[in-house]
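Visitor: Mind having a look at this structure? Questions to follow.
The values are calculated or read from the model by the stated rules, or taken from the named source; none is laboratory data. This is a predicted model, so every value here is computed, not measured. When we count neighbours, we look across all protein chains shown, and the Cβ atoms used for this are built from the backbone with ideal geometry, even at glycine. Only protein heavy atoms, including side chains, enter the accessible area calculation; ligands, DNA and RNA are left aside. Shrake-Rupley method; radii C 1.70, N 1.55, O 1.52, S 1.80 Å.
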Amino acid sequence: MPATESSRLKPPALRAGDLIGIVAPASNIKRENLDAGCEALQCHGYRTVYSESILNQDLYFAGSVERRVRELEEMFERDDVRAIVAARGGYGANYLLPKLDLAKIKAHPKIFVGYSDLTALLTYFTDAAGLITFHGPM
């Protein structure tokens, strides 16, 4: 049953110095674009972290479905990560939906930001886990 507006899980706001986890749940990302995005976040006072496997490539995806699911769930479970931002959209986030453990995500509500193909995850997290998500730049 979908969450109602009053039962949505609102993640805490970000503060300067907070750690933002970068994930690639859809298309692959090039190192120079990843570095530029992390640098932009760091210029705004945030720290960034990502798994080196974020640069994996399987056809035009950022690695296998299993790798992308593991990366996303690990970022939600990390206590030091305060927000999660997708490195890019593209195509492929929809393949994660049946594999994600929503209990892990719901137990660790965090800011989750993305757009484009990530709309599938934004909607899924909102409807199935009751998490407030953010449609925004990657």
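Visitor: Of the numbered conditions (1) of a type outside the set (Ser, Thr, Tyr); (2) assigned to a helix (DSSP H, G or I); (3) in contact (Cβ under 8 Å) with a residue 40 or more places away in the chain, residue 54 satisfies every one except a single condition; which is it?
Guide: It fails just one condition, (3).
Visitor: Specify which of the listed residues (28, 56, 33) is open to solvent by 60 Å² or more (accessible area, probe 1.4 Å), at pLDDT 95 or above and touching a helix residue (DSSP H, G or I) at 6+ places or on another chain (Cβ under 9 Å). Walk me through how you get there before you give the answer.
Guide: Numbers: 28 fails: open to solvent by 60 Å² or more (accessible area, probe 1.4 Å); 33 fails: touching a helix residue (DSSP H, G or I) at 6+ places or on another chain (Cβ under 9 Å).
None of the others qualify; the one that does is 56.
Visitor: If a residue must be assigned to a helix (DSSP H, G or I) and surrounded by fewer than 15 Cβ atoms within 10 Å (Cβ to Cβ), how many such residues does the stretch 59-73 contain?
Guide: So the count comes out to 1.
Visitor: So which residues in the stretch 122-138 are open to solvent by 60 Å² or more (accessible area, probe 1.4 Å) and within 17 Å of residue 21 (Cα to Cα), if there are any at all?
Guide: 134, 135, 137, 138
Visitor: Output yes when any residue across the stretch 3-11 is small (Gly, Ala, Ser), at pLDDT 95 or above and out of contact with any Asp or Glu (no Cβ under 7 Å at 6 or more places or on another chain), and no when none is.
Guide: The answer is no; no qualifying residue exists.
Visitor: Could you tell me whether any residue of the stretch 7-14 is touching a Leu at 6+ places or on another chain (Cβ under 8 Å) and among the hydroxyl-bearing types (Ser, Thr, Tyr)?
Guide: Checked against the condition, which is being touching a Leu at 6+ places or on another chain (Cβ under 8 Å) and among the hydroxyl-bearing types (Ser, Thr, Tyr), the stretch 7-14 yields no hits at all.
Visitor: Pick out the one residue from 77, 66, 71, 39 that is over 28 Å from residue 8 (Cβ atoms), in contact (Cβ under 8 Å) with a residue 12 or more places away in the chain and among the acidic types (Asp, Glu).
Guide: 66
Visitor: Only one residue in 113, 85 is closer than 16 Å to residue 136 by Cα, without any contact (Cβ under 8 Å) to a residue 40 or more places away in the chain, outside any helix (DSSP H, G or I) and among the aliphatic types (A, V, I, L, M), so which one is that?
Guide: Numbers: 85 fails: without any contact (Cβ under 8 Å) to a residue 40 or more places away in the chain.
That would be 113, the only listed residue that is closer than 16 Å to residue 136 by Cα, without any contact (Cβ under 8 Å) to a residue 40 or more places away in the chain, outside any helix (DSSP H, G or I) and among the aliphatic types (A, V, I, L, M).
Visitor: Further question: Among the residues of the stretch 91-121, how many are touching a Gly at 6+ places or on another chain (Cβ under 9 Å) and open to solvent by 10 Å² or more (accessible area, probe 1.4 Å)?
Guide: Residues flagged as touching a Gly at 6+ places or on another chain (Cβ under 9 Å) and open to solvent by 10 Å² or more (accessible area, probe 1.4 Å) within the stretch 91-121 amount to 8.
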